[in-house]
Amino acid sequence: MDIFNEDSSAGIAFSPEAITKESITLKAGNIVSDVLNGHLCPLETYIKSKAISDVAASICKEIKEDAISEADKYSSEDKVLGVTFATKNTANTYDFSDDSEWVRMDAEIKYLKSKIKAYEAKMIQAMQYAEMVDKDGAIITPAKIKKAGGTTIAITIPKI
């Protein structure tokens, strides 16, 4: 099954001869336009888009190693579907937990982070008052809103 060549009357179809940022933007723009013009339900389109994103992420995760093996067969000048590509080595990750000094410093950092969290909670609480003083008599400066929160939509796709 080629999900990129499905019947366009059954849903979103995406089958450009060459994949470009422009072709992606154009496809997205057409769908957004259909939503804004009342031809598509915004909530259904959002849910379907989330599902498409999840499908794409799952496909990429499952076939990544096969795609890397296939890419190794091409030269650096080759393109597939108009797209250039290259395999790259990723950085090593390290485990420092066998070193006692590192473990001590890491514990200290974790302790300080927990203290910061607790102090930040007091600063948020202090926002409700003109001034707040802790049990030791220290003045707690109210936190300032750096960026106001907004509204989002959480999509929960059932397992079955």
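The values are calculated or read from the model by the stated rules, or taken from the named source; none is laboratory data. From a predicted model like this one, the values you see are computed outputs, not experimental measurements. Counting neighbours? That spans all protein chains shown, and the Cβs are built from the backbone with ideal geometry, glycine included.
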Would you point out which residue out of Tyr94, Tyr129 is modelled with pLDDT of 95 or more and either among the aromatic types (Phe, Trp, Tyr) or under 24 Å from the mean Cα position of the chain (by Cα) (or both)?
Tyr94
Could you list, in sequence order, the residues of region 60-84 that are within 22 Å of the chain's Cα centre (by Cα) and closer than 19 Å to Ser23 by Cβ?
Cys60
Members of region 140-160 found to be surrounded by 10 or more Cβ atoms within 10 Å (Cβ to Cβ) and either under 30 Å from Ile47 (Cα atoms) or without any contact (Cβ under 8 Å) to a residue 12 or more places away in the chain (or both), listed by number:
Ile155
Condition set surrounded by 12 or more Cβ atoms within 10 Å (Cβ to Cβ) and assigned to a loop (DSSP other than H, G, I, E, B), scope region 12-40, selection modelled with the lowest pLDDT: answer is Ile12
Condition check: modelled with pLDDT of 90 or more, over 22 Å from Ile153 (Cβ atoms) and not in a loop (DSSP other than H, G, I, E, B). Does Ile59 satisfy that?
yes
Look through region 105-139, keep the residues that are of a type in the set (Val, Ile, Thr) and either in contact with a Ser or Thr (Cβ under 9 Å, 6 or more places away or on another chain) or in a helix (DSSP H, G or I) (or both), and return whichever of them is farthest from Tyr46 (Cα to Cα).
Ile109
